[in-house]
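To start, the structure itself, in structure tokens.
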Amino acid sequence: MRRILITNDDGITADGLIRLAAAAQKYGEVWVVAPDAQRSAASHSITLHSHIDVYPHDFPVAGVHAFSCSGTPGDCVRVGSLNVMPQKPDAVLSGINYGYNVASDIQYSATAGGAFEAAFQGYTAISLSEQACPCHEVTDAFLDQILAELIDRHPDTGQIWNVNFPGCPLAECKGILRDRRVSRGMFYRDHYNVTAKLPDGGIRYMIEGDYNEDAEPETDFRAVVENYISIGIANNIG
């Protein structure tokens, strides 16, 4: 039986993580090691200069071995696969993230970071994300098919499968586009607003993003904008 490790960056109580763990049980023994709180935009960071606390955690899917972790998704994959699980996983799933991980956003994504750590450790790694909206119809309709397609396909060294589901109603989804390359664009073009003047000449800034849908053809970004599921490979170092 396959051993499957699941993590995310939205925290162990996130709905996407729970839905993914339930779907993954069809494909093997499921272990969850996920952050104890939100870790979005932590990228592929790991904890080096402080301890990591791991606790057993109640989980709403029967049969899943679940643990919360004080570290990042990268930490979760490392300690989960090397220490928490009795044997190393055959595959690592990261997600389902609340919000797309396409284009240049991938470099900040801790969902992708968890998957990249899995690839670094030599495991089949799949990052899964969906549009940040309450509509999960497309994800729930296609998740099983995509897990079946990818879970035994190991990309080259340093590579992960990157899957993004559009947030449209199922009736508006146009299907799956495979082999999508990573766009050079960005969903949000960021700037910083001054929110306060601080003592001793300090200035407090807050980030704000302007939504953007400019994307090249045949990319992950263009696929989800046009209501397709995007499947592609993202590269890490190696």
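The values are calculated or read from the model by the stated rules, or taken from the named source; none is laboratory data. None of these values were measured; they are calculated from a predicted model. Every residue, glycine among them, receives a Cβ derived from its backbone with ideal geometry; neighbour counts consider all protein chains shown.
Kindly provide the set of residues from the range 1-30 that are surrounded by fewer than 23 Cβ atoms within 10 Å (Cβ to Cβ) and not in a helix (DSSP H, G or I), ordered by number.
Those that are surrounded by fewer than 23 Cβ atoms within 10 Å (Cβ to Cβ) and not in a helix (DSSP H, G or I): Met1, Arg2, Arg3, Gly11, Thr13, Ala14, Gly28, Glu29.
Within the set of pairs 6 or more residues apart or between chains, which connect a residue that is touching a residue at least 60 places away in the same chain (Cβ under 8 Å) inside the range 170-190 to a residue that is in a helix (DSSP H, G or I) and of a type in the set (Ser, Thr, Tyr) with Cβ atoms less than 7 Å apart?
Taking only residues 6 or more apart or on different chains, the pairs are Arg184/Ser104; Gly185/Ser104; Met186/Ser104.
Sort through Ile229, Ile233 and tell me the only one that's aliphatic (A, V, I, L, M) and surrounded by fewer than 20 Cβ atoms within 10 Å (Cβ to Cβ).
That would be Ile233, the only listed residue that is aliphatic (A, V, I, L, M) and surrounded by fewer than 20 Cβ atoms within 10 Å (Cβ to Cβ).
Val138 - would you say it is at negative phi and out of contact with any Cys (no Cβ under 8 Å at 6 or more places or on another chain)?
no
Where the second residue is of a type in the set (Asp, Glu) and part of a loop (DSSP other than H, G, I, E, B) and the first is more than 15 Å from Lys174 (Cα to Cα) and lies in the range 124-148, which pairs have Cβ atoms under 7 Å and are six or more apart or on separate chains?
So the pair list comes out as Thr124/Asp90.
Counting only residues that are outside any helix (DSSP H, G or I) and in contact with a strand residue (DSSP E or B) (Cβ under 7 Å, 6 or more places away or on another chain), which one in the range 73-87 is surrounded by the most Cβ atoms within 10 Å (Cβ to Cβ)?
Met85
Are there strands (runs of 3 or more DSSP E) fully within the range 173-238 with at least 2 residues that are closer than 19 Å to Thr111 by Cβ, under 19 Å from the mean Cα position of the chain (by Cα) and hydrophobic (A, V, I, L, M, F, W, C)? List them.
The strands (runs of 3 or more DSSP E) meeting that bar are 229-235.
Looking at the range 184-206 only, could you name the residues that are among the hydrophobic types (A, V, I, L, M, F, W, C) and at pLDDT 95 or above?
Val194, Ala196, Leu198, Ile203, Met206
Which of the residues belonging to the range 122-147 are surrounded by fewer than 16 Cβ atoms within 10 Å (Cβ to Cβ) and closer than 28 Å to Met85 by Cβ?
Of everything in the range 122-147, those that are surrounded by fewer than 16 Cβ atoms within 10 Å (Cβ to Cβ) and closer than 28 Å to Met85 by Cβ turn out to be Gly122, Asp140, Asp144, Gln145.
Considering only the range 33-61, how many residues are part of a loop (DSSP other than H, G, I, E, B) and either without any contact (Cβ under 8 Å) to a residue 24 or more places away in the chain or in contact with a Lys or Arg (Cβ under 8 Å, 6 or more places away or on another chain) (or both)?
Here the count works out to 7.
In the range 157-186, what residues are on the phi > 0 side of the Ramachandran plot and surrounded by 12 or more Cβ atoms within 10 Å (Cβ to Cβ)?
Gly158
Just one of (1) part of a helix (DSSP H, G or I); (2) touching a residue at least 12 places away in the same chain (Cβ under 8 Å) trips up Thr157, so point out which.
(1)
Restricting the search to the range 104-121, which residues are in contact with a helix residue (DSSP H, G or I) (Cβ under 8 Å, 6 or more places away or on another chain) and surrounded by fewer than 22 Cβ atoms within 10 Å (Cβ to Cβ)?
Within the range 104-121, just Gln121 meets the criteria.
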